[in-house]
Amino acid sequence: MSGSDTGGRPEEGIVDDRPSLAVFGRTADAWFAEHGRPANMSLSRSLDPAAHVAAARKYQRGLHDAGLAGITWPRQYGGLGLGAEFQRAFEQAARGHETFGDVFTIGLGMCAPVLLALGTDQQKRRYIRPMLRGDEVWCQLFSEPGAGSDLASLATAAVADGDGWVVSGQKVWTTYAQHSDFGLLLARTDASVRKHLGITMFVADMRSAGITIRPLRQATGDQEFNEVFFDDVAIPAQNLVGAPGNGWRAATLMLMNERAALAGGPISSPVTLAAVTELIRNRGRQDDPVIRMRLAQAYVAQRGADLFAERIAAQVAAGDEPGSFASIGKLAAGRVARQVAALALDVAGLDAIAWDPTEPDGSLWAYGELYAPSLSIAGGTDNIQRTILGERVLGLPREPQPDRDTPFRELRRSP
Amino acid sequence: MSGSDTGGRPEEGIVDDRPSLAVFGRTADAWFAEHGRPANMSLSRSLDPAAHVAAARKYQRGLHDAGLAGITWPRQYGGLGLGAEFQRAFEQAARGHETFGDVFTIGLGMCAPVLLALGTDQQKRRYIRPMLRGDEVWCQLFSEPGAGSDLASLATAAVADGDGWVVSGQKVWTTYAQHSDFGLLLARTDASVRKHLGITMFVADMRSAGITIRPLRQATGDQEFNEVFFDDVAIPAQNLVGAPGNGWRAATLMLMNERAALAGGPISSPVTLAAVTELIRNRGRQDDPVIRMRLAQAYVAQRGADLFAERIAAQVAAGDEPGSFASIGKLAAGRVARQVAALALDVAGLDAIAWDPTEPDGSLWAYGELYAPSLSIAGGTDNIQRTILGERVLGLPREPQPDRDTPFRELRRSP
Amino acid sequence: MTIYTEEHQELRATVRRLLEKSADRAAVRATIDGLDAYDQALWARMSAELGLAGLAIAESRGGSGFGVLELSVVLEEIGRANLPSPYLSTVLAGLALTLADADDTTARLLSGIASGERIAAVHLDTGDIRKSRGVEPSAAGHVPGGPIVGEQVLNGTARHVLDGPTADELVLIGPGEGSVVDLGGDGVTVRRLAGIDLTRSHAHVTFDGAAARPITVGGDWKDRVAALAAVLLACEQIGGAERVLEISTCYATDRIQFGRPIGSFQAVKHTLADMLIELELARAIQQDAVRLAATGAPLAELMAAASTAKVACSQAFVQLTSDMIRVHGGIGFTWEHEAHLYFRRARASARLFGDVSAHSDRIAAHVGL
Amino acid sequence: MTIYTEEHQELRATVRRLLEKSADRAAVRATIDGLDAYDQALWARMSAELGLAGLAIAESRGGSGFGVLELSVVLEEIGRANLPSPYLSTVLAGLALTLADADDTTARLLSGIASGERIAAVHLDTGDIRKSRGVEPSAAGHVPGGPIVGEQVLNGTARHVLDGPTADELVLIGPGEGSVVDLGGDGVTVRRLAGIDLTRSHAHVTFDGAAARPITVGGDWKDRVAALAAVLLACEQIGGAERVLEISTCYATDRIQFGRPIGSFQAVKHTLADMLIELELARAIQQDAVRLAATGAPLAELMAAASTAKVACSQAFVQLTSDMIRVHGGIGFTWEHEAHLYFRRARASARLFGDVSAHSDRIAAHVGL
């Protein structure tokens, strides 16, 4: 992909039918006014995930058909080829509306940038447009039971077989695997070199024979994640992303996009600051100085996270790469969620601990408390983010790595 | 030293003139009733250190002459040869009184146990009794500018010279060096072996030619610590403690005693819980729910530290070695000090930030805040204590140490 | 300076052996998944075979005449195992009834508790329950089977009653007055609640003219029972926290990332050290409160120690269970892993018998505010 | 999404160059050791040469007509250098007087501030000061040199006045009313205080029939000035916190223990990462408040943003300076090291212009309580 493909400049041979910023903004405003739903603070997505994903597909199809999808992406693959200011105008219009980030961030925010940067022309033509239309949902096949924080120690193996590859192994924490059409897969193609060098990225068709998806129940009772088992799954040669052995570079690019996406619009808990403020008032605790102090502290933390996210989102929209710096946003979002959930639990008191099953909001406060820790684990633990910030932003030296040059197959790993 | 020397059993050839527990307890109570001063919460020791040390020597001499010093120590070196229950009775009597721990803990609590365990008979006869009488004050010559947390990388060199040794180098953080008669010194006697193996312990006479003591002013303005410079200082052969190269073992024993001493009777800030409680009442803030909550939290932390200290003190008095576990007490004391100081600062408000110089307690709250962090540094930083707890109490594996077998002289060290 | 003798250590070993065998992870999980409040067979063994239910009940009532010290040992073990069990409620009811003057009502229930046949719950927040006197069966307004003279008539709701769904009898603990009500009796509705803690059951218990038997109590009865409740719960919390640290330490020792056990990394090692610190400082406070409760300390001193223990142990258990999930990473956030069961119990326990805020206020008063 | 233009970056570079040269560690230390409140020669260069004192004062009053955005740049740099300087007080007085209606009193003082010749302090807590009207010089009770008609008579004490010992004039900021008093005038006693922060000076200023010139102000003047005070101070705090992180990062990179830089150990690395997180989250809030203050946002919005910035930046600066000492270990606890100077300033700044508790209460009201 050449540099100009991602920019907003007209391309040769294509009539420039692109809208003005004002027209685009009005189109976006009008679309959300007619089709938008308020950002969903309820637990609907965990209550009926299939319906949630269906609604998400419909939403994305609507955006695409209205000329509001793939705003800054190249036109030849289905994007609009517009500048960052159009992206900002869209985000302005979308504010406060449900945008189904849980369903699409992995595809549009993480897989697509990798495909656009490293994929073949054929791959871009095949995958980008259906993704933009919401026709095809994507997942990320990275983590494994033995490779969490140490992702590069992954063991799922891809063995060359004629023109293509055969994959065996197990992935875990695959968000919405059961609703996905494709996934970007990391697999080991060479165990004789050191761990970062033997990894390759593939496009995996989630309907391939040999793939088994088993939902993973979380501590909250939700089932957003899955275990995905690969049992001699055939992957054709054209599904290779980049070159064999270059998978770690692709993974790094993808994780950087993940951090930017999470920092720019962090996942939040259903127990929001607004919800706990209402709870405090409903319980008549608004004059309690301790509660006032704690709510103020939570508000300050939330403002920090929100304003930092705006800064990162603006950088991303302007085409700047916030890089590892974005980790701050993810850490902040996790911290706010824990703080707000703990406050809600204290205000609701025994009613948050045991409730009549017929109470509509009975479980909400308990759910928020149980959910909050996941924000500090998923997408890289807080400790991993801290190490990234220390090394890549502050430039601190790395720890000694005695096994740095050890071939993968000789590494000490968890069973 | 044989095991029986430290116990309370009668020794052959010595008439058993030892008191009963009841008599001993009455003696101790009577002594403190007549000579005891209330535990000093003021800043006197930083205001006039020389007078403070003089008072300390007088106190210790009084204890000794009343038969209350060296309670569990062997009789042939000046101790009383009594059991742990006598030690407990003494501590009961001493409670609430000034015991000058800042002056004597290093000598009586740390140096003496090392000399008793590893010193020659001649050394024990020469040094223990004057220490018990308060005639000779001791210091610890361990830390160096380049060897703080990594004490074993110390560079002060002792070179064999005829029968004795010649020492050159610099020590730092030497508490009360300017008031000390002797110190236990760690010096490197062999730079060709790995760092822990080339260290030797000596008794240093602080009045030797070539020793220069320069007070080190702390952030608080106090001058309790010193830099001690050794410039070709001659140390006679009989001052060697243990064998050459065995200094690390001696140092470890000394540090273990330090932790136990600190955990059993941790150093506390002059800004006590009682002081801040009185401050709250003086300011009429006793009905402020936030202040009540914070004071309660500080009280809980203080109780935890106090009760843990009692547990360790009882273990020590019973002759058990609390070992690394005692680090918890030091960490807790530092935490309480910070918590109480911060609360005091908030309650006193602007008066803690800027005060009329003629106000007697004007500087107290600021002093407490400035002093508190030192409790988490001196005697091993909180991080070092955490590592000790993780490895020695929980049994977690150590970090890789790539330079484990490197000779000292080839090590990478701070300038 | 342990408060326990060798006999206590033997008791501990016996209970631990039993629970490790009969209440391991799979057994606890089976109880939860079956939506059972507890394992009835295990309860029978604990009470009938080992006499644990009657440990602190007088021998004259069928118990073994021990006290709080022995209960603390058992509760620590129950906390370790994260056992779904009405033990805490039942022995607390036993202590409350023992403190009340002996009469027929207390004697009968104490015997039932000691034998393990009667499960009792306690309720310390009786402000919403109205009491009136029973009438002659022949009097106007008497409902057949309803309260008669010598009994009380209850109306109102006891909310969030711990072990309400499984208890046979409920001891209402008011200031200077107490009563016992049969939860299977007329006019009593027990509504089981959903809850964050899957190892405990709670109920709202509604009284609609239900009969209760009054018991004679001293003026400081409620305060003393409330303090004992906090102390007993603190024992459960310490046991749970201790086990949480063990599990986390094991995981950090076994789990390899970046070619070495994660426990060798300072970030994890120091988290585990912090867990140890929290645990041991809270334990020092809990042991002090147990000692005071066991030796019949003056009420004011006991209450201060109990509130301190409740705050310290609640915060420690909450913190350690959060840290446990952090140390485990993703695996600690799965339904299958036991981490969330301890995490849930820590949150619930922190709010039983008065939350941190209520106890902190009492502590502030004790300190001098 | 920076709020600064290239011109602002040039201003920043200029100020930083000056302070790195003329207010390095040794120079700051010399000012403190000399018990001087500030370096007068440097003040002259800052105001006369660079025009920094008059940055936000109208051109008609001798300033350069810029605003809060430009002040924020200078104050961040002053915070970085931990500079002893009456700059914050003086420019805040300038903003306050600019917000007041223009009259002769404000015009004269603004010109004096812009030129760097007059140092001004502000006092926001005027509850203890009684004001009455001046009388004809011929009237009974008139003291020679005392307040006359058109002036006010002040009695009482302004406590903890920041830069009181060095200021020439004090602006009293009351609700809906203001006045200016010459600190060298009759009936004014300025008592310099000792303090935790060695880089600032404070005074109790006592008025005993002192003369003051009233200034005309709008009804929301005090609230707006108080909000601006919090925002300007937040800029200083962010500058200081940023420098504290830089110094700590350098030390962790250079200092070798156990054969490697201490910054390679997770315990230190993660502490520094936490410092970065605190700093950047507080900075996001501070930048928002600066933007609102610079663009004349509605008062309610500005006050909320200012209180949020005051709380966030106070807590961040306090935390970072504690962490700085932790990272440095013993060396960071010596008098010679600059760590304690930042540590001290952080504690003092957290309590200037309203402490965390006062601002938190305002935030709670803003959120809806």
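The values are calculated or read from the model by the stated rules, or taken from the named source; none is laboratory data. Quick caveat, the model's predicted, so the values are computed rather than measured. Cβ coordinates were reconstructed from backbone atoms using ideal geometry, including for glycine residues, and neighbour counts include every protein chain displayed.
Can you list the helices (runs of 4 or more DSSP H) found entirely within the stretch D:1-95 that contain at least 1 residues being closer than 30 Å to residue A:84 by Cβ and either in contact with a strand residue (DSSP E or B) (Cβ under 7 Å, 6 or more places away or on another chain) or among the acidic types (Asp, Glu) (or both)?
Per the criteria, D:6-22, D:68-81.
Which count do you get for residues in the stretch B:119-132 that are surrounded by fewer than 19 Cβ atoms within 10 Å (Cβ to Cβ) and not basic (Lys, Arg)?
Residues that pass the stated criteria total 5.
Do the conditions hold for residue B:296, that is, is it free of Cβ contacts under 8 Å to residues at least 12 places away in the same chain and closer than 23 Å to residue B:370 by Cα? Spell out the reasoning first.
Working: free of Cβ contacts under 8 Å to residues at least 12 places away in the same chain: yes; closer than 23 Å to residue B:370 by Cα: yes.
The answer is yes for residue B:296.
Can you go through C:322, C:314, C:349 and tell me which one is surrounded by fewer than 24 Cβ atoms within 10 Å (Cβ to Cβ) and part of a helix (DSSP H, G or I)?
Working: C:314 fails: surrounded by fewer than 24 Cβ atoms within 10 Å (Cβ to Cβ); C:349 fails: surrounded by fewer than 24 Cβ atoms within 10 Å (Cβ to Cβ).
Step by step, each of C:322, C:314, C:349 is checked, and only C:322 is surrounded by fewer than 24 Cβ atoms within 10 Å (Cβ to Cβ) and part of a helix (DSSP H, G or I).
Pick out the one residue from C:358, C:365, C:305 that is of a type in the set (Gly, Ala, Ser) and surrounded by 23 or more Cβ atoms within 10 Å (Cβ to Cβ). Before the answer, list the steps.
Details: C:358 fails: surrounded by 23 or more Cβ atoms within 10 Å (Cβ to Cβ); C:365 fails: surrounded by 23 or more Cβ atoms within 10 Å (Cβ to Cβ).
After ruling out the rest, the residue left standing is C:305.
Looking at D:238, D:256, can you tell me which residue is among the aliphatic types (A, V, I, L, M) and within 11 Å of chain A (Cβ to nearest Cβ)? Before you say what the answer is, go through the steps one by one.
Numbers: D:238 fails: within 11 Å of chain A (Cβ to nearest Cβ).
Only one candidate passes the filter, namely D:256.
Taking residue A:283 and the conditions (1) at the interface with another protein chain (Cβ under 8 Å from one of its Cβ atoms); (2) over 25 Å from residue A:110 (Cβ atoms); (3) surrounded by fewer than 21 Cβ atoms within 10 Å (Cβ to Cβ), which numbered condition does it fall short on, given that it satisfies the others?
(1)
Residues that are more than 20 Å from residue A:250 (Cα to Cα): find the helices (runs of 4 or more DSSP H) completely inside the stretch A:81-167 holding 1 or more of those.
The helices (runs of 4 or more DSSP H) meeting that bar are A:84-94, A:101-104, A:121-132.
In the stretch C:264-275, how many residues are within 7 Å of chain B (Cβ to nearest Cβ) and crowded, with 24+ Cβ neighbours inside 10 Å?
Number satisfying all stated conditions: 3.
Just checking, which of A:180, A:208 is under 18 Å from the mean Cα position of the chain (by Cα) and at pLDDT 95 or above?
Going through A:180, A:208 in turn, just one is under 18 Å from the mean Cα position of the chain (by Cα) and at pLDDT 95 or above: A:180.
Would you point out the residue of the stretch A:357-372, among those that are part of a helix (DSSP H, G or I) and not small (Gly, Ala, Ser), that is farthest from residue A:345 (Cα to Cα)?
Residues of the stretch A:357-372 that are part of a helix (DSSP H, G or I), as a first pass: A:364-372.
Narrowing the set further to residues that are not small (Gly, Ala, Ser) leaves A:364-365, A:367, A:369-371.
Details: A:364: 10, A:365: 6, A:367: 10, A:369: 7, A:370: 11, A:371: 13 Å.
Restricting to residues being part of a helix (DSSP H, G or I) and not small (Gly, Ala, Ser), the top hit is A:371.
Could you please give the count of residues in the stretch B:331-369 that are free of Cβ contacts under 8 Å to residues at least 12 places away in the same chain and crowded, with 24+ Cβ neighbours inside 10 Å?
Final tally of qualifying residues: 1.
Out of the residues in the stretch A:133-170 that are of a type in the set (D, E, K, R) and either touching a helix residue (DSSP H, G or I) at 6+ places or on another chain (Cβ under 6 Å) or surrounded by fewer than 18 Cβ atoms within 10 Å (Cβ to Cβ) (or both), state the one that is nearest to the other protein chains (Cβ to nearest Cβ).
Filtering the stretch A:133-170 for residues of a type in the set (D, E, K, R) gives A:133, A:135-136, A:144, A:150, A:161, A:163.
When the remaining residues are screened for being either touching a helix residue (DSSP H, G or I) at 6+ places or on another chain (Cβ under 6 Å) or surrounded by fewer than 18 Cβ atoms within 10 Å (Cβ to Cβ) (or both), the result is A:133, A:135-136, A:161, A:163.
Values: A:133: 31, A:135: 30, A:136: 27, A:161: 30, A:163: 35 Å.
Across the stretch A:133-170, the extreme among qualifying residues is A:136.
Quick one: which strands (runs of 3 or more DSSP E) lie wholly within the stretch D:173-243 and hold at least 3 residues that are outside the structural domain of residue D:79 (by TED's automatic domain parsing) and surrounded by fewer than 20 Cβ atoms within 10 Å (Cβ to Cβ)? Full working, then the answer.
On the way: elements: D:177-182, D:188-192, D:202-215.
Where strands (runs of 3 or more DSSP E) fall fully within the stretch D:173-243 and carry at least 3 residues being outside the structural domain of residue D:79 (by TED's automatic domain parsing) and surrounded by fewer than 20 Cβ atoms within 10 Å (Cβ to Cβ), they are D:188-192, D:202-215.
For the condition free of Cβ contacts under 8 Å to residues at least 60 places away in the same chain, farther than 22 Å from residue A:173 by Cβ and more than 7 Å from every other protein chain (Cβ to nearest Cβ), what is the one hit in C:287, C:315? I'd like the intermediate steps shown before the answer.
Numbers: C:287 fails: free of Cβ contacts under 8 Å to residues at least 60 places away in the same chain.
Exactly one of C:287, C:315 is free of Cβ contacts under 8 Å to residues at least 60 places away in the same chain, farther than 22 Å from residue A:173 by Cβ and more than 7 Å from every other protein chain (Cβ to nearest Cβ), namely C:315.
Does the stretch B:364-415 hold any residues that are away from chain C (no Cβ under 14 Å) and acidic (Asp, Glu), and which are they?
Within the stretch B:364-415, B:369, B:403, B:405, B:410 qualify.
Do we find a residue being among the small types (Gly, Ala, Ser) and at positive phi anywhere in the stretch D:106-118?
Applying the first criterion (among the small types (Gly, Ala, Ser)) to the stretch D:106-118 yields D:107, D:111-112, D:114-116.
Keeping just the survivors that are at positive phi gives D:116.
Taking every residue of the stretch D:106-118 in turn, at least one turns out to be among the small types (Gly, Ala, Ser) and at positive phi.
On the basis of being within 21 Å of the chain's Cα centre (by Cα), farther than 24 Å from residue C:288 by Cα and free of Cβ contacts under 8 Å to residues at least 24 places away in the same chain, does residue B:217 make the cut? Working first, answer last.
Values: within 21 Å of the chain's Cα centre (by Cα): yes; farther than 24 Å from residue C:288 by Cα: yes; free of Cβ contacts under 8 Å to residues at least 24 places away in the same chain: yes.
Against the criterion (within 21 Å of the chain's Cα centre (by Cα), farther than 24 Å from residue C:288 by Cα and free of Cβ contacts under 8 Å to residues at least 24 places away in the same chain), residue B:217 qualifies.
So, in the stretch B:329-363, exactly how many residues are more than 9 Å from chain D (Cβ to nearest Cβ) and of a type in the set (Gly, Ala, Ser)? Break it down stepwise before answering.
Our first condition is that a residue be more than 9 Å from chain D (Cβ to nearest Cβ); within the stretch B:329-363, this holds for B:329-337, B:339-341, B:343-344, B:347-348, B:358, B:360-361.
Checking which are of a type in the set (Gly, Ala, Ser) leaves us with B:329, B:332-334, B:337, B:341, B:344, B:348.
Number of matching residues: 8.
Any residue in the stretch B:311-327 that is within 25 Å of residue B:365 (Cβ to Cβ) and free of Cβ contacts under 8 Å to residues at least 24 places away in the same chain?
To start, the set of residues in the stretch B:311-327 that are within 25 Å of residue B:365 (Cβ to Cβ) comprises none.
The answer is no; no qualifying residue exists.
All but one of (1) in a helix (DSSP H, G or I); (2) more than 7 Å from every other protein chain (Cβ to nearest Cβ); (3) not polar (S, T, N, Q) hold for residue D:330, so report the exception by its number.
Residue D:330 satisfies all of (1) in a helix (DSSP H, G or I); (2) more than 7 Å from every other protein chain (Cβ to nearest Cβ); (3) not polar (S, T, N, Q) except (2).
Quick check, is residue A:198 more than 28 Å from residue A:54 (Cβ to Cβ) and crowded, with 16+ Cβ neighbours inside 10 Å? Spell out how you get there, then give the answer.
Values: more than 28 Å from residue A:54 (Cβ to Cβ): yes; crowded, with 16+ Cβ neighbours inside 10 Å: yes.
Answer is yes for this residue.
Would you confirm whether any residue within the stretch A:381-397 is small (Gly, Ala, Ser), in contact with a strand residue (DSSP E or B) (Cβ under 9 Å, 6 or more places away or on another chain), surrounded by fewer than 21 Cβ atoms within 10 Å (Cβ to Cβ) and in a loop (DSSP other than H, G, I, E, B)? Walk me through how you get there before you give the answer.
The initial filter retains those residues of the stretch A:381-397 that are small (Gly, Ala, Ser), namely A:390, A:395.
Imposing the further condition that a residue be in contact with a strand residue (DSSP E or B) (Cβ under 9 Å, 6 or more places away or on another chain) reduces the set to none.
No, the stretch A:381-397 contains no residue that is small (Gly, Ala, Ser), in contact with a strand residue (DSSP E or B) (Cβ under 9 Å, 6 or more places away or on another chain), surrounded by fewer than 21 Cβ atoms within 10 Å (Cβ to Cβ) and in a loop (DSSP other than H, G, I, E, B).
Regarding residue D:109, is this residue modelled with pLDDT of 90 or more and buried (at least 23 other Cβ atoms within 10 Å of the Cβ)? Talk me through it step by step, then tell me what you get.
Values: modelled with pLDDT of 90 or more: yes; buried (at least 23 other Cβ atoms within 10 Å of the Cβ): yes.
Yes; evaluated as a whole, the condition is true for this residue.
Scanning the stretch C:164-193 for residues that are touching a residue at least 60 places away in the same chain (Cβ under 8 Å) and touching a Lys or Arg at 6+ places or on another chain (Cβ under 7 Å), which turns out nearest to residue C:119 (Cα to Cα)?
C:169
Those residues that are within 14 Å of chain A (Cβ to nearest Cβ) and surrounded by 22 or more Cβ atoms within 10 Å (Cβ to Cβ), I need them from the stretch C:140-159; list them, please.
Initial filter on the stretch C:140-159 (within 14 Å of chain A (Cβ to nearest Cβ)): C:157-159.
Matches in the stretch C:140-159: C:158 only.
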